Amino acid sequence: MTVSKLDQTLRDESLATRLANEAKDAGLVLCHWKSNQRLDLSVQGKTDLDMSIPPEQESRLRVLLKDLGFIEFRSRPWQHYAGVTDWLGADPVTGIMLHLHLHTRLLTGAKAIKEQDLPWLELMNAEVAPDPVTGINIPPKAFEAHLLLTREAIKSLNLRGQILTLKQGGIPVTRESRVEMTWLLKQCSDEEIERWGIMLWGSERWKRMKPDFKDEILWSNSQFRRLRTEISTSLAPHRSGTALGHSARFITMRFTSYLHKFQARLDSTTSSGKHVIGHRAPIIAIVGSDGAGKSTVTANLLKWLSWKADVTMVYFGTNHGWFRRLRSAILRIKPSKNIAQPASHLDKQTTKTIHPRSSFPLWLQAVKWAVMARVRLHFQRKGQRLSCNGTIILADRYPQTEVKGTYDGPSRLDIVGLGVLGRFLQRYEHRVYKKITSTQPDLVIKLIAPLEVALERKPDHDSDAIAAKVELTRSIMFGGAPIVEIDAAKPLDEVLTEVRRHVWSVIRVTAEEKRALP
């Protein structure tokens, strides 16, 4: 296939459809086995993809998933189920992220428990057929109707079901499930429902269940309870644990989740509790001049990744709210016209761009530099700690030591009038910066905005200062970290798509490096 044909194929097919087609070509029986009413939303990355695979084919599918750019993520203790693995993939063309639950067993039951194993995988796989829109294999609608009733019946027996019964004052079945059952029954005939009823429950048991398996009476108290009893009795040999044990585990998992959030508040780390990349995740810095769109791109990436991945944003600038309030308070007490100036005044352009006039008292400048250096070191160490625990870090700006006095670098050494204490604090500041820059980000994304574009977005900013920062954006190398330059003058959608592609690439590389460790 030529490059142009390959590009066209990528544009014509979603990532989910390519997965389905390649699995079929490889002879794998991959099936989206539940909630197919929302399959179109799953393909668009708006809901999860629940796909099953025979256990003996799982290893081959894993290779295929990695080839398509999927990454296996580690679930939190309260999210993990036996027989289920979690995969995230990003479409290289659209940037759509897919969350794939890969099942080698058909499990249902309480959240974080999934105590009921359904022995129907082979029966289902024998009659799967491709969905006409997406090409993804799905089971017959009649099978899925029996499956939906079974899932709701099993869930109603546990603690979650009891709580839902009290809340709703009746049957513990959500409105969404009732709507889905109506949709399924409209898609299949009574003969198909009966055929699958006999296959799944046996002819004798199905005779008892059949009168109640009708949409208009299915969710009535007496009918649902009778059906639940038949289903529970039939599947009892395939259920693990006891009701008391399941309730205890459910409470324990919920407590563990809340404890994680409480601990995150204490150590100022992320509390999303979402999926993480094993033992280390990348630190990705977004840099650029004023008007390049750093904050917009960072916020979009944060929203995109946080749909399923554990991710947090670290801000390395100086525009912190607490600092602005402190500065205002000091200026009200003792205003000053002191200006931090370089020793040489020959380069007026450099003076203008690197050291704009400041009403901040000169004797406090050195204190400010030292404090901000320490704050940045704190955030850098926080990011490293979270990264080592599998949380993706997005850095808005990043400290560097190649240029002094601007662009998140340390102060210039040729400033006059600091005094002994000021020089001491300045030396301390530079030592802190050396600690910060001893480690580099896994990727630096440079947003390059032409001067006219940056000024259009920031009309109140100094044109010379922005021009200087545009040039610095191109020249600073951030200690040899991997760098990608993005043309920030392009339409925002194109910029975001390109940024997402590079971000996902470095996430994949980091994940593969993690697996390569002994």
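Brief remarks follow.
- Note on residue 413 and residue 205: the extension gain reaches 66.2 nm, defined as 0.36 nm multiplied by sequence separation minus the Cα-Cα distance.
- With R₀ set to 22 Å, the beta-carbon distance separating residue 111 from residue 187 gives a calculated FRET efficiency near 0.20.
- The share of accessible area on region 68-217 that comes from carbon and sulfur is 54 percent, using a 1.4 angstrom probe.
- The slack in the chain from residue 490 to residue 74, taken as 0.36 nm per residue of separation less the alpha-carbon distance, amounts to 146.2 nm.
- Across the protein chains, with a 1.4 Å probe defining accessible surface, the residues 39, 451 rank 451, 39 from largest area downward.
- Overall, region 385-448 carries a charge dipole of about 240 debye about its Cα centre when +1 sits on the Cβ of Lys and Arg and -1 on the Cβ of Asp and Glu, all other atoms neutral.
- Once the Cα gyration tensor of region 24-129 is diagonalised, semi-axes √(5λ) in Å: 21, 18, 15
- For region 144-260, the direction-averaged projected area of the alpha-carbon convex hull comes to 8.3 nm².
- Pairs beyond 28 Å (Cα-Cα), from 46/214; 111/261; 46/458; 141/303; 303/458: 46/214; 46/458; 141/303
- Cα-based radius of gyration of region 366-500 once divided by 2.2 N^0.38 Å, which approximates compact folds: 1.18
- For region 363-518, the per residue solvent-accessible surface stands at 48 Å², with DNA, RNA and ligands left out and a 1.4 Å probe.
- Just so you know, the averaged projected area of the alpha carbon convex hull for region 357-445 sits at 6.4 nm².
- Nitroxide proxy distance, nm - points 7 Å out along Cα→Cβ at residue 222 and residue 385: 6.2
- For region 210-252, the residues whose backbone nitrogen is under 17 Å from a point 7 Å from the Cα of residue 162, taken along Cα to Cβ, are 241-252.
- For a modelled paramagnetic label at residue 456, 7 Å from Cα along Cα-to-Cβ, the residues of region 469-502 in reach, with backbone nitrogen under 17 Å, are 487-496.
- In this calculation the C-beta distance from residue 24 to residue 279 is compared with R0 = 41 Å, giving a FRET efficiency of 0.75.
- Three semi-axes of the equivalent ellipsoid, region 441-482, Cα gyration tensor, whole Å, largest first: 24, 10, 7
- Above 16 Å, the calculated P(r) of region 455-518 contains 65 percent of its Cα-Cα pairs.
- Region 371-518 - percent of accessible surface contributed by carbon and sulfur, probe 1.4 Å: 56
- Net charge, residue 228 excluded, C-beta distance under 11 Å - Lys, Arg +1, Asp, Glu -1: 0
- Rounded accessible area per residue of region 172-260, 1.4 Å, Å²: 59
The values are calculated or read from the model by the stated rules, or taken from the named source; none is laboratory data. These figures come from a predicted structure and were not determined experimentally. Every residue, glycine among them, receives a Cβ derived from its backbone with ideal geometry; neighbour counts consider all protein chains shown. We work out accessible area using only protein heavy atoms, side chains counted, and drop any ligands, DNA or RNA first. Shrake-Rupley method; radii C 1.70, N 1.55, O 1.52, S 1.80 Å.
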